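I have placed the structure first, in the form of structure tokens, so that the comments after it can refer back to it.
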Amino acid sequence: MASVRTPVRHARGPALLQLCRKALLNAWRGGWTGLLAAPIALNMASAARANEQPLLIRDVMLFDGHRMIAHRSVLVEKGRIARIGNARLRSSGALMVDGRGKTLLPGLIDSHVHLPHVHTQDALRQSARLGVTTVIDMFTDQPTLRVLKRLEAADGPGLADLRTAGVGATAPGGHPSELGGTFPTISRAADADRFVQDRIEEGSDFIKIILEDARQLGPKVKPMPTLNEATLRALVTAAHRRNKLVAVHVQTEAYARMALGAGADGLAHLFIGASASPDFARLAAAHHIFVIPTLAADYFACGRSDSVAIASDGRMMAQTYAQFTALLRQAQRPTSVSCAATDQALVELDRARVPLLIGTDAPVPGSTYGASTLDEMSLFVRDGITPLHALVAATSAPARIFRLDDRGEIRAGKRADLLLVSGNPARNIEDIKNIVAVWKKGAAVARAANPRSAGKAAASNASGARP
């Protein structure tokens with residue numbers, strides 16, 4: 001196996017690629033050494049004390065991960081959902097929260113992020129403050145992987161929980177080597193079994209494979225090497241032999257079809273282009289795959305990003321760190337790249353009942369942790385997905401796909417990762433941004449008045465709670 005240089009996703013076009021590279025390197029300046037030397041300060045004792053008092057959220061509209069139910073009350077004890085009852089449910093000694101006019105949802109899951117080399121805990125803290133209590137990291141280098149596994153094991157208070165693919169499988173010189181760093185690569189099918197075993201031993205929770213040659217960017221872009229079909233199939237077989245899920249990065253329909261034919265479990269991105277083949281959604285359904293469209297990332301490349309609107313929305317920006325919001329303000333360049341195929345395939349996949357998962361590819365240009373997750377749901381609805389399906393795509397669907405059996409639903413026995421918002425996002429998806437409170441394992445996630453200047457949580461989610 002060869003060694004090449006590090007992860008993050010390939011931008012579409014020379015100018016955008018240079019912009020992405022410069023912005024990410026600036027945002028993550030400091031390298032691996034400082035991150036590995038920094039302590040992971042997790043106040044576990046404080047979290048344990050917070051979980052001692054039961055929590056009762058009364059008379060709320062409940063989204064249980066599948067459907068909306070009016071006038072429900074949810075009792076939380078010791079970090080778990082203890083009971084769900086009607087509006088009259090009582091519990092002696094519980095901290096009560098008035099749920100009238102509000103909706104309670106499972107903590108959200110962003111199924112496609114890349115956690116940074118530095119400020120890792122800030123990325124997880126920002127996600128949690130914005131209701132995203134779990135993130136799925138889709139490719140990282142080995143030094144950062146070691147840090148992520150420590151954070152995953154700690155599952156600390158105030159930080160989003162995480163799962164990670166670790167180092168993805170890519171060809172020597174293939175994406176994302178253009179962005180620097182070193183990581184193992186693979187060039188032939190005979191090495192697939194060893195490659196997958198090495199990733200599992202390092203701690204990969206699932207296997208990520210890259211199919212990307214940059215040809216979709218146009219004739220002026222130099223093609224990149226990528227895996228051949230035999231190696232792709234061998235990697236999928238090796239992962240499945242070890243009961244590991246496989247997600248494949250694609251940007252063209254041709255590579256999406258190749259991934260389906262190889263037996264992949266899902267697509268990490270929905271392809272771009274002028275149109276999608278009319279049979280693609282039926283083919284995807286027949287292969288029982290899932291799709292993470294990452295509209296936030298694709299739309300930036302197509303000149304249709306919501307990033308400026310996100311950056312001006314005080315509901316979300318009050319909870320963000322400056323180092324993660326700079327990319328929201330990057331100017332979109334004129335482009336010939338089309339997302340018409342993305343829009344078409346998204347709706348057709350939904351109609352074919354292919355599981356769609358909310359994912360952002362944060363922190364690529366046009367996106368940031370947490371805020372872009374909330375906006376991705378708005379983009380789903382704008383493209384023709386119902387608000388209810390968008391909510392499922394951020395809760396129960398990714399929990400099921402990534403085998404997170406303890407979350408993604410509000411049911412007795414599940415962990416109390418919860419999001420409380422004003423309004424009803426099943427009627428108006430924009431209400432998902434009206435966050436009142438967030439809990440992780442039953443403990444309130446402190447939401448900052450201005451984390452950019454304070455650097456630490458400054459306000460408690462107890463607003464709205466009554467003794």
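The values are calculated or read from the model by the stated rules, or taken from the named source; none is laboratory data. Computed from a predicted structure; not experimentally measured. All Cβ positions, even for glycine, are placed from backbone atoms using ideal geometry, and neighbour counts span all protein chains on display.
Okay, here's what the table says:
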{"read-out": "Strands (runs of 3 or more DSSP E) fully within segment 144-255 counting 1 or more residues that are over 30 Å from Ala448 (Cβ atoms)", "value": "207-210, 246-249"}
{"read-out": "Per-region count, segment 176-231, residues closer than 20 Å to Ala256 by Cβ, in contact with a Lys or Arg (Cβ under 7 Å, 6 or more places away or on another chain) and at pLDDT 85 or above", "value": "4"}
{"read-out": "Complete set of residues in segment 243-276 that are in contact (Cβ under 8 Å) with a residue 60 or more places away in the chain and surrounded by fewer than 18 Cβ atoms within 10 Å (Cβ to Cβ)", "value": "Ala274, Ser275"}
{"read-out": "Residue in segment 117-155 that is nearest to the chain's Cα centre (by Cα), counting only those that are buried (at least 20 other Cβ atoms within 10 Å of the Cβ) and of a type in the set (Gly, Ala, Ser)", "value": "Ser127"}
{"read-out": "Residue in segment 311-342 that is surrounded by the most Cβ atoms within 10 Å (Cβ to Cβ), counting only those that are small (Gly, Ala, Ser) and touching a residue at least 60 places away in the same chain (Cβ under 8 Å)", "value": "Ala341"}
{"read-out": "Residues (over 30 Å from Ala416 (Cα atoms), of a type in the set (A, V, I, L, M) and buried (at least 18 other Cβ atoms within 10 Å of the Cβ)) located in segment 156-199", "value": "Val167, Ala169, Ala171, Leu179, Ile186, Ala189, Ala192, Val196"}
{"read-out": "Segment 403-419, residues that are part of a loop (DSSP other than H, G, I, E, B), within 26 Å of Arg447 (Cβ to Cβ) and in contact with a Lys or Arg (Cβ under 8 Å, 6 or more places away or on another chain)", "value": "Leu404, Asp406, Arg407, Gly408, Lys414, Ala416, Asp417"}
{"read-out": "Given (1) assigned to a strand (DSSP E or B); (2) farther than 18 Å from Lys414 by Cα; (3) among the polar types (S, T, N, Q), number of the condition Gln126 does not satisfy", "value": "(1)"}
{"read-out": "Selection within segment 32-72 - part of a loop (DSSP other than H, G, I, E, B) and modelled with pLDDT under 50", "value": "Ala38, Pro39, Ile40, Ala41, Leu42, Asn43"}
{"read-out": "Single condition Lys440 does not satisfy, out of (1) over 30 Å from Ala322 (Cβ atoms); (2) under 17 Å from the mean Cα position of the chain (by Cα); (3) basic (Lys, Arg)", "value": "(1)"}
{"read-out": "Residues of segment 420-437 classified as in a loop (DSSP other than H, G, I, E, B) and under 20 Å from Arg129 (Cα atoms), total", "value": "4"}
{"read-out": "Any hit, segment 218-228, residues being over 30 Å from Arg415 (Cβ atoms), surrounded by fewer than 20 Cβ atoms within 10 Å (Cβ to Cβ) and touching a helix residue (DSSP H, G or I) at 6+ places or on another chain (Cβ under 6 Å)", "value": "yes"}
{"read-out": "Any hit, segment 84-107, residues being in contact with a Pro (Cβ under 9 Å, 6 or more places away or on another chain), surrounded by 22 or more Cβ atoms within 10 Å (Cβ to Cβ), in contact (Cβ under 8 Å) with a residue 12 or more places away in the chain and closer than 30 Å to Leu270 by Cβ", "value": "yes"}
{"read-out": "Residue check, Asp306 acidic (Asp, Glu) and touching a helix residue (DSSP H, G or I) at 6+ places or on another chain (Cβ under 6 Å)", "value": "yes"}
{"read-out": "Candidate set from segment 74-123 (those that are among the hydrophobic types (A, V, I, L, M, F, W, C) and part of a loop (DSSP other than H, G, I, E, B)); member that is nearest to Ala160 (Cα to Cα)", "value": "Leu115"}
{"read-out": "Unique match (being under 21 Å from the mean Cα position of the chain (by Cα), farther than 23 Å from Ala128 by Cα and at pLDDT 95 or above) among Val248, Val236", "value": "Val248"}
{"read-out": "In segment 281-310, the residues that are assigned to a helix (DSSP H, G or I) and buried (at least 22 other Cβ atoms within 10 Å of the Cβ)", "value": "Ala281, Ala284, Leu295, Ala296, Ala297, Asp298, Tyr299, Phe300, Ala301, Ser307, Ile310"}
{"read-out": "Selection count where residues are surrounded by fewer than 24 Cβ atoms within 10 Å (Cβ to Cβ), assigned to a helix (DSSP H, G or I) and of a type in the set (S, T, N, Q), scope segment 371-399", "value": "2"}
{"read-out": "Residues being touching a residue at least 60 places away in the same chain (Cβ under 8 Å) and of a type outside the set (S, T, N, Q) - total across segment 371-396", "value": "11"}
